[in-house]
Amino acid sequence: MAAVTVMDAAQAKLVTVGPVILLGAPGAGKGTQAKRIVERYGIPQISTGDILRDHVKRETELGKQAKAVMQGGGLVSDELVNAMVADRLSQPDCARGFVLDGFPRTAVQAAWLDGQLAGEAFARFQGLRSVPIVARMDVDYNQLIRRLTGRRSCPTCQRIYNVHFQPPRVDETCDLDGTQLITRNDDREEVIAERLKTYDAQTKPVSDYFANQGKVTVLDGDRPVDEVTAGLFALLDSQAGQA
Ligand code: AMP
């Protein structure tokens, strides 16, 4: 059955939506779908991976602590990541909602987030739900490997390509600005295997955590990207409130 959206583009930018949590293995499409949600609803994407990569690039204290763990495919400590997210959530652009991509990634982070959403600090964002909308995208293991090994991104405009499924017009070059595309440091085969193991061990329990509260919508992430987007928009439209 086709997913149904109930709002037009202008209405979608006026409602409160979420918080939205996108769950799924590395390569499931969280970043791609989060960017589409940002575009439709005008709410920010909070990607802990992006924030951490930025810290590594700027060689901040946090970046120095995170770098080796990230390159090995493990997880940065809950304490550091929770503090980073707390700081991000305190910013005013989160007032109408936000989409979390790559967080929470452990049961400890999930419980911490639940506490934040129910807590006083969050009450200033009136109209936002204290119960998040949680969507999990499930993707076949071999498909994940192909997506991750083929992923390239543009360091200038952040657009994401895939050499197998969505190649640039000219090899290794961004269609939009001609910049040479890069492969993420942790998208190398030996690190990918570690990241997928980490997902199984530490992040699957996050889904169980929310499922135990009856809060997880599962989407078939093997379907074409536009169909997954349509499913997400229908879910978000049906649960959005007026700002
Ligand atoms: P991602 O871009 O979401 O695949 O994240 C890249 C890397 O950043 C992960 O493999 C982890 O090392 C680290 N990372 C991102 N988000 C988290 C998180 N919520 N908790 C711990 N580590 C994280």
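The values are calculated or read from the model by the stated rules, or taken from the named source; none is laboratory data. Since the model is a prediction, treat every value here as computed from it, not as a measurement. Virtual Cβ from ideal backbone geometry, glycine too; neighbours counted across all protein chains shown.
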Practice problem: Could you check how many residues of region 24-55 are of a type in the set (G, A, S), closer than 23 Å to K197 by Cα and more than 8 Å from the ligand (Cβ to nearest atom)? | Solution: 5
Self-check item: Failed condition for A9, given (1) within 16 Å of the ligand (Cβ to nearest atom); (2) small (G, A, S); (3) at pLDDT below 90
Solution: (1)
Practice problem: State yes or no: is D171 closer than 27 Å to K204 by Cα and either of a type in the set (F, W, Y) or loosely packed, with under 14 Cβ neighbours inside 10 Å (or both)? | Solution: no
Quiz item: List pairs: first in region 175-201 and closer than 16 Å to G102 by Cα, second away from the ligand (no atom under 13 Å from the Cβ) and in a helix (DSSP H, G or I), Cβ under 9 Å, 6+ apart or cross-chain?
Solution: D187/T149; D187/G150; I192/I145; I192/T149; L196/Y141; L196/I145
Self-check item: Selected residue (only one of V139, V163 is surrounded by 15 or more Cβ atoms within 10 Å (Cβ to Cβ) and out of contact with any strand residue (DSSP E or B) (no Cβ under 7 Å at 6 or more places or on another chain))
Solution: V139
Quiz item: Within region 125-141, how many residues turn out to be in a loop (DSSP other than H, G, I, E, B) and within 26 Å of P19 (Cβ to Cβ)?
Solution: 9
Quiz item: Would you call F98 away from the ligand (no atom under 13 Å from the Cβ), over 20 Å from L62 (Cβ atoms), among the aromatic types (F, W, Y) and crowded, with 19+ Cβ neighbours inside 10 Å?
Solution: yes
Quiz item: Which of the residues belonging to region 176-199 are exposed (fewer than 14 other Cβ atoms within 10 Å of the Cβ) and of a type outside the set (A, V, I, L, M, F, W, C)?
Solution: D177, G178, Q180, N185, E189, E190, K197
Exercise. Could you tell me which of the residues M84, M70 is within 7 Å of the ligand (Cβ to nearest atom), at pLDDT 90 or above and out of contact with any His (no Cβ under 6 Å at 6 or more places or on another chain)?
Key: M70
Quiz item: In region 73-115, what residues are of a type in the set (D, E, K, R) and over 16 Å from A34 (Cβ atoms)?
Solution: D78, E79, D87, D114
Exercise. Given the conditions (1) part of a loop (DSSP other than H, G, I, E, B); (2) surrounded by 13 or more Cβ atoms within 10 Å (Cβ to Cβ); (3) of a type outside the set (S, T, N, Q), report the number of the one that L144 does not fulfil.
Key: (1)
Self-check item: Close pairs (7 angstrom Cβ cut-off, 6 or more residues apart or separate chains): farther than 15 Å from M137 by Cβ in region 29-51, of a type in the set (D, E) and part of a helix (DSSP H, G or I) anywhere
Solution: P44/D93
Quiz item: modelled with pLDDT under 95, more than 21 Å from S47 (Cβ to Cβ) and among the charged types (D, E, K, R), is that true of D114?
Solution: no
Self-check item: Matching residues, region 204-230, being farther than 16 Å from P132 by Cβ and either among the hydroxyl-bearing types (S, T, Y) or near the ligand (Cβ under 10 Å from one of its atoms) (or both)
Solution: T229
Quiz item: Which one of these does S77 not meet: (1) away from the ligand (no atom under 14 Å from the Cβ); (2) on the phi < 0 side of the Ramachandran plot?
Solution: (1)
